[in-house]
Amino acid sequence: MRLEQHPTVVAYRHAPKRKKSETVSRDWIKRLACEAGFDDVGVLDIHCEDLADQKPFIVEAFPAAKTLVSLVFRVNTPQIRSTDRSLADGEYVAVEKQSRSMMRTLIREFRRHNIAGITPSEGFPQNMGRWPERMFTVSHKPAAQAAGLGKIGHHRLLIHPEFGSHVCLATLLLDTALDAYDGPLDYNPCINCNLCVASCPTGAIQENGDFNFLSCLAHAYRDRIGGFINWTEALITSTTMEEYRNKRNDGETLAVWQAMTTGGGYRCGYCMAVCPAGIDVIGDYMDNRADYMKTVVKPLKDLSEDVYVFKSSEAEMSLPKRFPNKKAKPV
Ligand code: B12
Ligand code: SF4
Ligand code: SF4
């Protein structure tokens, strides 16, 4: 059969030609995103100056990218604050899953309008082959910041003006330009209360504004990317179960199993939990600070748990004094 006679080619020749719009409406995109379930949306031109450092990564992943749609999705605050940390862990997993599904709904809708897009991951999967260099496609925080959805606070999370730090982020890339774009917020919702500094068990968030991402990674992600290589090392270098158990107790082994099977394994996130910034969140802090400390901050600070810290680090030395109920586990 000649190509011109193939049913697919015949159908294509007879189908009405789909015209691609030069630009589409920002308001329409935002309405669709809110209808899909996101709590806030901002849009950015790929040439926006604030994206310059990550543009090569974005264009490499999706050469047709013209627009970034930055998406905010609220987390359930009481759950993030619970001392039953499996609840916070489950919340992060659920939010990522739901946001991915909502993004896919949007992509399906855009496709009906001849707009192509991609959904870079909220967290994982990442390009592991690039370890230890940057492995993520889009850095959602700077994108959301440039799109006016908040500012990065002292703890390095994005603080939304209304919902505060209690949000997760995602970004859609579209191959179509919009008729208008958003710009940054003109103030930072962070109120410089330093509760994130006081609650961070690893000392990753420092008073002077420095952030030690490796200290955070080693503890908060111990059962995931932060401790996985160490876990395989413990397996390989042990010749008996007893030897292995000297390196990892059964609870720690099961935590790795749980992270691998559920996709979770977030051990911390106290910086998000205690942050009182944001119009919807600040009331409890402003109305009765002592009660806020007692009900939100103290339970997490007092929680008895293992904290993974680098050997001989300042965090290891200061942990017993700062958090008497927590036990330093040097890594
Ligand atoms: C890498 C990463 C981390 C790293 C580094 C944190 C960081 N500050 O960047 C670690 C593992 C420590 C981490 C921890 C957490 N993260 Co995180 N993380 C990311 C990720 C994948 C990229 C962050 C980023 O863009 N950084 C770039 C710039 C803006 O950040 P920066 O602080 O100036 O620079 C740091 C990074 O560049 C990092 N870095 C540089 N090179 C490398 C290489 C490697 C291998 C790694 C791991 C990091 C790294 O070190 C720099 C110094 O801090 C995003 C998802 C995404 N694709 O955007 C989620 C994200 C930022 N994380 C998020 C969350 C919720 C968390 C945790 C609360 C998780 C938890 N449950 O424990 C903690 C909070 C820690 C904190 N206070 O920031 C949310 C933030 C939501 C918000 N409101 O802002 C995001 C956006 C995920 C999401 N989809 O919602 N995270
Ligand atoms: S806890 Fe306080 S200092 Fe830390 S980011 Fe939130 S508002 Fe800013
Ligand atoms: S997730 Fe925990 S260890 Fe990491 S910065 Fe926040 S409070 Fe500190």
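The values are calculated or read from the model by the stated rules, or taken from the named source; none is laboratory data. Only a predicted model underlies this, so the values are computations on that prediction, with no experimental measurement involved. Cβ atoms come from the backbone with ideal geometry, glycine included; neighbour counts cover every protein chain shown.
Residue-level check: of (1) within 8 Å of ligand 1 (Cβ to nearest atom); (2) assigned to a loop (DSSP other than H, G, I, E, B); (3) not assigned by TED's automatic domain parsing to the domain that holds residue 78, residue 217 misses just (2).
The set of residues in the range 234-272 that are within 16 Å of ligand 2 (Cβ to nearest atom) and closer than 18 Å to residue 326 by Cα comprises 268, 269, 270, 271. Given the condition within 18 Å of the chain's Cα centre (by Cα), outside any strand (DSSP E or B), among the acidic types (Asp, Glu) and more than 14 Å from ligand 2 (Cβ to nearest atom), answer yes or no: does some residue in the range 169-176 qualify? There is no residue in the range 169-176 that is within 18 Å of the chain's Cα centre (by Cα), outside any strand (DSSP E or B), among the acidic types (Asp, Glu) and more than 14 Å from ligand 2 (Cβ to nearest atom). Is at least one residue of the range 301-320 out of contact with any Leu (no Cβ under 7 Å at 6 or more places or on another chain) and within 17 Å of residue 193 (Cα to Cα)? Yes; the residues of the range 301-320 include at least one that is out of contact with any Leu (no Cβ under 7 Å at 6 or more places or on another chain) and within 17 Å of residue 193 (Cα to Cα).
Among the residues of the range 206-217, is there at least one that is within 15 Å of ligand 3 (Cβ to nearest atom), at positive phi and surrounded by fewer than 22 Cβ atoms within 10 Å (Cβ to Cβ)? Yes, that holds for at least one residue. Only residues that are closer than 21 Å to residue 300 by Cα and either free of Cβ contacts under 8 Å to residues at least 40 places away in the same chain or within 15 Å of ligand 1 (Cβ to nearest atom) (or both) were counted in the range 176-192, giving 2.
Could you look through the range 187-201, keep only residues that are touching a strand residue (DSSP E or B) at 6+ places or on another chain (Cβ under 6 Å) and either polar (S, T, N, Q) or within 10 Å of ligand 3 (Cβ to nearest atom) (or both), and pick out the one that is farthest from residue 163 (Cα to Cα)? Step by step, filter the range 187-201, then rank; the result is 201. Among the helices (runs of 4 or more DSSP H) confined to the range 263-331, the ones with at least 1 residues that are without any contact (Cβ under 8 Å) to a residue 24 or more places away in the chain and over 21 Å from the mean Cα position of the chain (by Cα) are located at 282-287, 289-292, 298-302, 314-322.
The residues of the range 42-83 that are assigned to a strand (DSSP E or B) and either out of contact with any strand residue (DSSP E or B) (no Cβ under 6 Å at 6 or more places or on another chain) or not hydrophobic (A, V, I, L, M, F, W, C) (or both), listed by number, are 42, 45, 67, 70, 74.
Once the range 127-157 is narrowed to residues that are within 16 Å of ligand 3 (Cβ to nearest atom) and out of contact with any Ser or Thr (no Cβ under 9 Å at 6 or more places or on another chain), the residue that is farthest from residue 194 (Cα to Cα) is 141.
Out of all the residues in the range 193-202, which are more than 9 Å from ligand 1 (Cβ to nearest atom), within 20 Å of the chain's Cα centre (by Cα) and surrounded by 21 or more Cβ atoms within 10 Å (Cβ to Cβ)? Selection gives 199, 201, 202.
In this structure, does residue 116 turn out to be in contact with an Asp or Glu (Cβ under 9 Å, 6 or more places away or on another chain) and more than 16 Å from ligand 3 (Cβ to nearest atom)? Answer is yes for this residue.
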